[in-house]
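Data first, discussion second: the structure below is written as structure tokens.
Read-outs throughout are calculated quantities, based only on the coordinates presented, and are distinct from any laboratory measurement. None of these values were measured; they are calculated from a predicted model. Cβ: placed from backbone, ideal geometry, glycine included. Neighbour counts: every protein chain shown.
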Amino acid sequence: MPTLATALLQGLKDHGAREIFGIPGDFVLPFFKVVEESRILPYYTLSHEPAVGFAADAAARFNCGLGVAVVTYGAGAFNLVNPIAGAYAERSPVVVVAGAPGAGERASGFLLHHQARSIDTQLAVFREITCDQAVLTDPATAPDEIARVLRSARERSLPVYIELPRDMVAAKSARVPELPRRPAAADALAECAEEILARLAKAKSPVIVVDVEVRRFDVEARVAALARRLGVPVVTTFMGRGLLAEAPEVVRGTYMGAAGDAAITALVENADLLLLLGVIMSDTNFALSRRRFDPRRTVLAIDRDVRIGHHVYPGIPLEDLVDALLAQAKPRRAAPKRPPRRPSPYPRGLVADTRPIMPSDIACAINDLFDRHGPMPMAADMGDCLFTAMELENTALVAPGYYAGMGFGVPAGLGIAASMRQRPMILVGDGAFQMTGWELGNCRRYGLDPIVVLFNNRSWEMLRVFQAESKFNDLDDWNFAAIAPSLGGHGTRVATRRELAEALEAAVARRGAFSLVEVMLPRGVTSRTLEKFVTGFKAARERAAK
């Protein structure tokens, strides 16, 4: 009979986890020993718990499975609150496994180290940012509790919390069962799909809008097939940027309202029916819309519900809905003609001269690089690096687009590299790099070699564009490229467009160590996309205030 620790690890693997990210600590040391010795799942230890959460989040997003973050009680778990809150906001299924005091320690009468208000304060906090929780105090019931929680993570694509007291690690336990997924009721699903298809058939200018759940539930290929069959154009949201990268012929672009491509904005805002698949109705996605979407002309499928106009079909998983639509859909009698082929809206053909680098030059240089060598998976932090990513040709991308927490980029890139064994490109600003960039020091021992493009304007430039008069937006110059060798990588600082092009080309050719390209940018200068976003956001805020 396995121990509770090995049963938990095997259960995680059976439910789709590929690896563990974590940091050891006293209350979780016994479990880490089992992680290391059992070899059921590979593990990666990082330097600070926020990075552990970001790496697990990115791994979950990319592999359409479970990310796992293992930390100790109190001091470790509370450091995970911010990344897990972000994972909840952006619907990423991260499993938090937290060590905890054993029964004897709980009954000692002493306040325990790492304890906050009470022994259960940590559990109370994580109840707010996870969709299901289990405290494993009984080896007899623990396998079923683990199975319930892991099914919740997979079905809802949200974080969950498992607390493992250290005196339970070696307890004998049965294997964790894999509970069957709960499908939609057949009659309700058929009726829902029939109603949606009837509305699509009547619509003259429908549009499919895709967002994060399309990736979380691994239905990108099926959504592309549905769009082809129906002859309906597809756009991504800001948060859904990078979706359907393998089906470029069906994706018109990214909808960003007043900040985006005018043709895409008109396509969405003039549609007489919007089919919103897995779309989070956040201000990031829709605050810059020039007009409110009429619910009578909107179908929204998210979190196992489908809202059509003013009524709801509950308990309809997105993957079941897409399958039902595909099964029932017939090709449109007169599929809309594709618009005349326009030049790519994404900049290319960087002039490699001695002029200073602007943020949009970085997008141009990367597009040129991908044209020569093929696209790379991308991780972007918050700030102008993310808005610059909107100027890249559509490629697989993870970023904190809605929760907008800083520090995501570098550890997310490490999560991609560890989980997918692919070489990512990371876009990060100097402010975020000060938070978590030092995690690059862990690349050498795990054989990871990401390419990191660091936007250094010695500033919190994203904040400056909203409040230019504040001096606290100024940062010092830390010369990150010079520090890279001490972390086991290669660093290059560039200030001209020629140096940028040469440094990126050299980074692609260099393997075996991370490459940091530190791009020196003038203060007060932003990408064209961020300029438009700020202008549109301020205008929307002024309209709301009237």
message: If each DSSP helix of 4+ residues adds -39,500 (n - 2.57) and the sum is divided by the residues in the chain, what number results at 222 nm, nearest 500 deg cm²/dmol?
response: -11000 deg cm²/dmol
- prompt: Points 7 angstrom from Cα along the Cβ direction at residue 352 and residue 197: gap in nanometres?
  reply: 5.3
query: Fewest first, what order do 302, 196 take by the number of other Cβ atoms within 10 Å?
result: 302, 196
task: Net charge near residue 297: determine it from the other residues with C-beta under 9 Å of the C-beta of residue 297, scoring Lys and Arg +1 and Asp and Glu -1.
output: 0
Computed magnitude of the charge dipole of the stretch 394-546 (debye, nearest 20; Cβ of K, R +1, Cβ of D, E -1): 400
task: Sort 48, 15 so that the residue with the fewest other Cβ atoms within 10 Å of its own Cβ comes first and the one with the most comes last.
output: 48, 15
query: Lys pairs in the chain, Cα-Cα under 17 Å, at least 8 apart or on separate chains: how many?
result: 6
- line: The summed charge of the residue 417 Cβ neighbourhood (under 9 Å; Lys/Arg +1, Asp/Glu -1) stands at +1
statement: Two pseudo-spin positions, 7 Å from Cα along C-beta at residue 218 and at residue 469, lie apart in nanometres by 5.4
- request: Among (1) 40, 34, 24; (2) 37, 33, 20; (3) 38, 28, 21, find the value of semi-axes √(5λ) of the Cα gyration tensor in Å that was calculated from the structure presented, and write down its label.
  value: (2)
field: the stretch 384-489 - Rg over Rh from alpha carbon coordinates, Kirkwood radius
entry: 0.97
- prompt: Taking N as the number of residues in the stretch 186-328, what value does Rg over Cα atoms divided by 2.2 N^0.38 Å take?
  reply: 0.95
Which of 128, 531, 194 has the fewest Cβ neighbours within 10 Å, and the rest in rising order: 128, 194, 531
field: Total formal charge among the other residues, if their Cβ is under 10 angstrom from that of residue 476, Lys/Arg +1 and Asp/Glu -1
entry: -2
